[in-house]
Amino acid sequence: MAYLDHNATSPLRASARAALEATLGECGNASSVHGAGRAARARVEEAREQVAQLAGARPSSVVFTSGGTEANAMALRGAIAGALAEEDRITRLFVSAIEHESVRANAAALAETVPGLKLNTIAVTRDGVVDLASFRLALMQGKGRALVSVMAANNETGVVQDIEAIAQMVRTEGGEGALLHVDAVQAAGRVAFSFAGSGADYATVSAHKLGGPQGAGALLVKDGTPFAPMMAGGGQEMGRRSGTENVAAIAGFGAAAQEAAAFADGMAQIGALRNRFEAELKRIAPEAVVFGENAVRLPNTSNFAIPGLAAETALIALDLEGVAVSSGSACSSGKVKPSHVLIAMGADEALARSGLRISLGWTSREEDVDAAIAALRTLMARRSGLRAA
Ligand code: PLP
């Protein structure tokens, strides 16, 4: 199979599998005082160092979670509740129009339940980049402490945001004590991302997008930033996330993070493969539209539409040829709704319904891209044959 869906999930790396298997064979609660417990704790702390290293963060910033979704929910809810506890409440929540559902849905739920909290959507340009001028204006127009959530790279299009510029704007225009959360799930391990250097207060990473196991992730929380835990319990993770640590998954996450950090150079080759795919695509279908083409993008992602070709039809045809791609984001596959990301970028509904994504990763080879191109060529030939008949 040509697996071209790394943004949905990336295959487990050998080092992550080895760490998982080794840890599953051990017994120990990382909070126990005896030797077995201390061994489990050592696994967790090693992984904390590895994840911190990948994300350019201090190990003390890393809070292990069950994945990106939990970390995103925890960031928004934890910041708002934490600020409230400090009696310096957040009254404005800004979320970009292209965020992952785990940010959008939590932001909407918070706006409905937290008295006095106003939700604002940050617009993006046709290339999927945060519209900095209108964002600045929106920040300046209101009053009160702001919490802003913007992703480092989009899961559907791969478009990368200028987080440092956004952080600067949040500081200067977001009111006293304004805070920034960055969803770095797709960026970590694919492009340089430094939590410490970014100016963000919170950032989210997820293990399975970089070759670790599914169901593990982390929220990075800057020291001294407002944060209240979502769940009461045993007070693990320095009181920030209660619940016995999933030691095996965390160890696998750590190993994958270490390997992904070293893999950054391989991304140049992946970028070349992606570019070759897009060049061939335009030969096969000159009318094809590549979303975010003029923006800085992750080197591994291509989201395109061939007008008139429904994404679901193409996806099934490619699957029959042994090529795994995605339409929209995996989480919204199966829903009939067109992608909110493509709509926010100004695509009309029909074009958005044609959006297909290929996303490469550490397993990707030239043959995978060749297979995708061949399958598309067959599909387009069949289509024009049907039209002619
Ligand atoms: N944020 C982004 C940008 C994602 O792409 C995803 C997964 O698709 C998530 C968050 C959710 O992460 P997880 O699958 O670990 O819950």
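Scanning the stretch 1-46 for residues that are of a type in the set (G, A, S), touching a residue at least 40 places away in the same chain (Cβ under 8 Å), away from the ligand (no atom under 16 Å from the Cβ) and in a helix (DSSP H, G or I) turns up S15, A18, A19, A22, A40. Among all residue pairs at least 6 apart or on different chains, which show Cβ distances below 7 Å where the first residue, located in the stretch 56-78, is under 17 Å from H208 (Cβ atoms) and the second is more than 11 Å from the ligand (Cβ to nearest atom) and of a type in the set (D, E)? Hits for this filter: F64/E237; F64/E245. Going by the conditions given, is N300 within 16 Å of the ligand (Cβ to nearest atom), modelled with pLDDT of 95 or more and open to solvent by 50 Å² or more (accessible area, probe 1.4 Å)? It is false that N300 is within 16 Å of the ligand (Cβ to nearest atom), modelled with pLDDT of 95 or more and open to solvent by 50 Å² or more (accessible area, probe 1.4 Å). Scanning the stretch 62-92 for residues that are within 16 Å of the ligand (Cβ to nearest atom), of a type in the set (K, R) and in contact with a Gly (Cβ under 6 Å, 6 or more places away or on another chain) returns no hits.
Taken over the stretch 162-187, the criterion of being within 16 Å of the ligand (Cβ to nearest atom) and touching a residue at least 60 places away in the same chain (Cβ under 8 Å) is satisfied by H181, D183, A184, V185, Q186, A187. Considering (1) farther than 20 Å from R190 by Cα; (2) in contact with a strand residue (DSSP E or B) (Cβ under 7 Å, 6 or more places away or on another chain), the lone condition that A22 does not fulfil carries the number (2). Would you mind stating whether L219 is away from the ligand (no atom under 16 Å from the Cβ) and either in contact with a His (Cβ under 7 Å, 6 or more places away or on another chain) or open to solvent by less than 10 Å² (accessible area, probe 1.4 Å) (or both)? Here the answer is no, as L219 does not meet what is asked.
Just give me the residues in the stretch 103-129 being in contact with a helix residue (DSSP H, G or I) (Cβ under 7 Å, 6 or more places away or on another chain), part of a helix (DSSP H, G or I) and either away from the ligand (no atom under 16 Å from the Cβ) or open to solvent by 10 Å² or more (accessible area, probe 1.4 Å) (or both), in sequence order. If the condition is that a residue be in contact with a helix residue (DSSP H, G or I) (Cβ under 7 Å, 6 or more places away or on another chain), part of a helix (DSSP H, G or I) and either away from the ligand (no atom under 16 Å from the Cβ) or open to solvent by 10 Å² or more (accessible area, probe 1.4 Å) (or both), then N106, L110 are the ones that fit.
The values are calculated or read from the model by the stated rules, or taken from the named source; none is laboratory data. From a predicted model like this one, the values you see are computed outputs, not experimental measurements. Ideal geometry is used to build each Cβ from the backbone, glycine not excepted, and the neighbour counts take in all protein chains shown. Ligands, DNA and RNA are stripped out before the accessible areas are found, and what is left, the full protein with its side chains, is counted by its heavy atoms. Shrake-Rupley method; radii C 1.70, N 1.55, O 1.52, S 1.80 Å.
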